[in-house]
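Here, each number is a calculation from the coordinates, and none is a lab measurement. Owing to the predicted nature of the structure, the values given are computational and were not obtained by experimental measurement. Note: ideal-geometry Cβ built from the backbone for every residue, glycine included; neighbour counts use all protein chains shown.
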Amino acid sequence: MGPPLKPRKIFIMKEIEILKQLQKIDSQIFQIKQSLEDKPKKISILEQEFEKLTGSLKSLEADYKKVQMEHKEKDLELQTKEASVNKHKGQLSQIKTNKEYNALQLEIEKMKADNSLLEEQIIMLLDKIDSIKSSITKEKEVLAAEEKKLNSAKAAVESEINDLQDSLNKLKLQRKTVIPADLKPEVLDLYERIRENRGEIAIVPVQDGSCSGCFMNLRAQVLNDLSMGKLLTCDTCSRILYVESEK
Ligand SMILES: [Zn+2]
């Protein structure tokens with residue numbers, strides 16, 4: 001049995017070293033966990049950006065449907081009107097008077113003129129269909145290239161996530177090896193409690209006589225006790241304090 005003060009001081013120094021190592025690992029774990037939370041957000045942002053790009057294809061496809069429908073309607077209208085012209089033409093031979101004949105002939109000419117207008121409209125619609133079709137093809141090519149970019153960007157983020165997960169697993173193992181079996185549970189409890197209450201950082205070095213956690217000046221007595229190797233917490237922010245050994 002040696003003198004009571006000295007071994008205690010050595011023991012506390014060891015505790016401080018353990019807590020410092022633990023803090024270093026826990027800070028890294030915290031950062032990795034935050035990155036792991038952010039990465040999936042990055043993926044969904046990429047997906048949202050791609051989704052926006054599909055908007056013009058969707059509207060082109062809607063236009064295509066609309067114009068095709070219009071074409072179908074006009075085509076049907078033309079067929080009906082052409083049948084009507086033929087029917088009127090057939091009636092010409094049964095007409096008895098010149099006057100009636102001329103009137104019917106005039107009507108047929110008028111219907112033919114209407115039909116050729118309709119034909120022009122149909123040709124314009126067919127041109128429109130062709131042009132939308134080629135726009136769709138181009139847009140699909142653009143999107144395929146964008147999708148390729150999206151997939152490789154997503155794969156890159158996913159591999160970053162895997163790397164982070166690996167690092168996290170390693171750090172968790174490392175954390176276990178840093179805590180010796182003989183570490184007093186109350187020391188670990190104190191550390192964990194402060195870390196929980198003070199946003200991850202539980203142990204901080206003294207800098208120019210101040211706590212580097214809250215930047216408040218420390219009392220001379222505290223500084224003195226710290227230099228004796230005592231385990232002390234800051235009066236203001238409750239974090240565990242340590243004096244950095246001079247190099
Ligand atoms: Zn403090």
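Results, tabulated for the structure shown:
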| read-out | value |
| --- | --- |
| Cα gyration tensor shape for the stretch 184-247, rounded if a/c is under 1.5, else prolate or oblate | prolate |
| Shape metrics for the stretch 59-112, restricted to C-alpha atoms - Rg then Dmax, Å | 17.4, 57 |
| Sites M124 and A103 - FRET efficiency at Förster radius 25 Å, r taken between beta-carbons, to 0.05 | 0.20 |
| For the chain, calculated [θ]222 nm from helices alone, where every DSSP H run of n ≥ 4 adds -39500 (n - 2.57) | -28500 deg cm²/dmol |
| 3J(HN,Hα) from dihedral phi, the stretch 126-136, Karplus parametrisation 6.51/-1.76/1.60, rounded to Hz, x for glycine, proline | 5, 4, 4, 4, 4, 5, 5, 4, 6, 5, 5 |
| Distance between modelled label sites at L173 and S135, nm, 7 Å Cα→Cβ extension | 5.8 |
| Distant-in-sequence amide H partners of Q207 (H built 1.01 Å from N, under 5 Å) | S212 |
| Unit Cα scatterers, Debye sum, the stretch 148-231: log10 I(q)/I(0) for q = 0.16, 0.17, 0.19, 0.23 Å⁻¹ | -0.85, -0.91, -1.00, -1.16 |
| Listed peptides 211-219, 159-167 by packing density, highest first (mean Cβ within 10 Å) | 211-219, 159-167 |
| Positive-end residue, the chain charge dipole about Cα centroid, Cβ charges, pick of G55, G90, G229 | G229 |
| Label-point gap, in nm, between K110 and F30 - each point 7 angstrom along Cα→Cβ | 8.9 |
| Cysteines, the chain, no other Cys beta-carbon under 4.7 Å | none |
| The chain - convex hull of alpha carbons, volume per residue in Å³ | 221 |
| Top of E119, E158, E49 by mean-square fluctuation, Gaussian network on the chain, Cα under 10 Å | E119 |
| Whole-Hz ³J(HN,Hα) from phi, Karplus 6.51 cos²θ - 1.76 cosθ + 1.60, for the stretch 14-24, glycine and proline x | 5, 4, 4, 4, 4, 5, 5, 5, 4, 4, 4 |
| Candidates Q91, Q34, Q207: whichever shows maximal mean-square fluctuation once the chain is modelled as a Gaussian network with Cα springs under 10 Å | Q91 |
| In sequence order, calculated HN-Hα J values of the stretch 51-66 (Karplus, 6.51, -1.76, 1.60; Hz; x Gly/Pro) | 4, 4, 5, 6, x, 6, 5, 4, 6, 5, 5, 5, 4, 4, 4, 4 |
| Kirkwood hydrodynamic radius (C-alpha pairs) into Stokes-Einstein, the stretch 119-183, 20 °C and 1.002 mPa s, D in µm²/s | 127 |
| Computed FRET value (nearest 0.05) for S159 with E49, which takes r as the C-beta separation and R₀ as 25 Å | 0.80 |
